[in-house]
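Asker: Just passing along the structure, written as structure tokens.
Nothing in this text is a laboratory measurement; each read-out follows from the coordinates by a stated rule. Quantities reported herein were computed from a predicted structural model and do not represent experimental measurements. Positions of Cβ are generated from backbone atoms using ideal geometry, with glycine treated the same way; all protein chains shown enter the neighbour counts.
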Amino acid sequence: MSLNAKTLGYCPECGNEIARDFLLIEYESGGRPARFAECPDCRNVVHPSTE
Ligand SMILES: [Zn+2]
């Protein structure tokens with residue numbers, strides 16, 4: 001699986017692909033970027049998985 005630039009990652013709850021448009025907030029945590037996004041499918045606020 002490869003991610004394109006428009007994709008944040010995958011929902012850890014339902015596995016749906018999450019587009020950049022659904023990014024809620026992006027911040028640094030311990031020197032690493034962390035993101036919250038709303039899953040367009042299950043409507044949960046999740047950390048998109050990039051794996
Ligand atoms: Zn989901």
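Asker: Could you give the size of the charge dipole of the range 7-46 about its Cα centre, using +1 on the Cβ of each K and R and -1 on the Cβ of each D and E, expressed in debye and rounded to the nearest 20?
Answerer: On the way: 4 positive and 7 negative charges, 20 e Å.
That gives the range 7-46 a dipole magnitude of about 100 debye.
Asker: Once you have all Cα-Cα distances for the chain, histogram them in 10 Å bins from zero and send the whole-percent values.
Answerer: Calculated P(r), rounded to whole percents: 29, 57, 14.
Asker: For the range 7-46, what proportion of DSSP beta bridges, expressed in % and rounded to the nearest 5, is antiparallel?
Answerer: 100
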